[in-house]
1. Determine, yes or no, whether residue 20 is more than 13 Å from the chain's Cα centre (by Cα), surrounded by 16 or more Cβ atoms within 10 Å (Cβ to Cβ), at pLDDT 75 or above and within 22 Å of residue 8 (Cβ to Cβ).
2. Scan 13, 31, 47 and give me the residue that is surrounded by 11 or more Cβ atoms within 10 Å (Cβ to Cβ), under 11 Å from the mean Cα position of the chain (by Cα) and part of a helix (DSSP H, G or I).
């Protein structure tokens, strides 16, 4: 969805559509925010579940802290850190 929306937006910019030129920054900000919302609502719980299901269950303090935080306080760097830990 994000890729398709970005491609359509770029196409409108290439066509020189005034309304797209005027709202380009807003459009890209909304796409970024939607991506973050998706990550927080979907990826954060899945990554934390994977990490807490590991044997032995002892987790580094940072992981415990990230997984116990409210989704609204999670930042993109936090998600990237959790992804890296889940892959290791």
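1. Details: more than 13 Å from the chain's Cα centre (by Cα): yes; surrounded by 16 or more Cβ atoms within 10 Å (Cβ to Cβ): yes; at pLDDT 75 or above: yes; within 22 Å of residue 8 (Cβ to Cβ): yes.
So residue 20 fits the description; yes.
2. Numbers: 13 fails: under 11 Å from the mean Cα position of the chain (by Cα); 47 fails: under 11 Å from the mean Cα position of the chain (by Cα).
One residue alone meets the criteria, 31.
The values are calculated or read from the model by the stated rules, or taken from the named source; none is laboratory data. In this text the structure is predicted, and so the values were computed from the model without any measurement. Note that each Cβ is placed from the backbone with ideal geometry, even for glycine, and that neighbours are counted across all protein chains shown.
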